[in-house]
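Following: one structure in structure tokens, then a few remarks.
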Amino acid sequence: MASPKECIFRLNRDVRFSEDKSPYKTFVSALISSFGRQNRAYPGLYIQISAKEVRLYSGSHDLTTEQLKSVRQKIHDEPERFEKLIYDREFMKVFGEIRGERNKKIPRPFSELIDEIPQIANKEFYYFTELPVEMILQAKFKNIILERYSACRELNMFLKEGLTEIGSRSPKRL
């Protein structure tokens, strides 16, 4: 399990020798997961707090080619389960949709599902929701975050299953 130090992202850059002294970021952020900020492919809870908004992200980001292939294989193997998770009423209410850049072409057998499940072409699978910044001052802020995160827990489990199956199988040809 990652320590708090391994979860928090750096706020400032070294500006000692730079003409540009502006901050590296205008927000604070942390990735709460088993691997902390070192592994963005493994789903966790990414929290970003700025003066204007609070954003909660989750999903898989920065996947390697092997990880992407494995997640796509998981979607290919269980398309009904994947669709049930991404169209879940609570997930849709909180996060809306899976986001991420998409490949224009993907290899077989994954390409055969593109009409039914266009998300299989994604290079990453992430989702986020925004909260008013005033919420961080509320005593129930932690509960609100946990409630929002619970809306994507099952989908995160699906992605984790795909990531942990790397090497245990190769893509099946139809």
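The table for this structure:
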| read-out | value |
| --- | --- |
| Pairs with Cβ under 7 Å, 6+ apart, first in the range 134-151 and farther than 11 Å from residue 54 by Cβ, second assigned to a helix (DSSP H, G or I) and β-branched (Val, Ile, Thr) | 151/94 |
| Test: residue 133 is in contact with a helix residue (DSSP H, G or I) (Cβ under 6 Å, 6 or more places away or on another chain) and open to solvent by less than 60 Å² (accessible area, probe 1.4 Å) | no |
| Residues within the range 138-157 that are closer than 13 Å to residue 126 by Cα and touching a Leu at 6+ places or on another chain (Cβ under 6 Å), tallied | 2 |
| Every residue from the range 39-65 that is out of contact with any Pro (no Cβ under 8 Å at 6 or more places or on another chain) and farther than 19 Å from residue 119 by Cα | 39, 44, 45, 46, 47, 48, 49, 50, 51, 52, 55, 56 |
| Test for residue 92: is it part of a helix (DSSP H, G or I) and more than 20 Å from residue 154 (Cβ to Cβ) | no |
| Where residue 83 falls short, out of the listed (1) outside any helix (DSSP H, G or I); (2) at pLDDT 95 or above | (1) |
| Lone unmet requirement of (1) under 27 Å from residue 132 (Cβ atoms); (2) within 16 Å of the chain's Cα centre (by Cα) for residue 24 | (2) |
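The values are calculated or read from the model by the stated rules, or taken from the named source; none is laboratory data. The structure displayed is predicted, hence computed values, not measured ones. Neighbour counts are summed over all protein chains in view; Cβ atoms, including those assigned to glycine, are modelled from backbone coordinates with ideal geometry. With ligands, DNA and RNA removed, areas are computed over all heavy atoms of the protein, side chains included. Shrake-Rupley method; radii C 1.70, N 1.55, O 1.52, S 1.80 Å.
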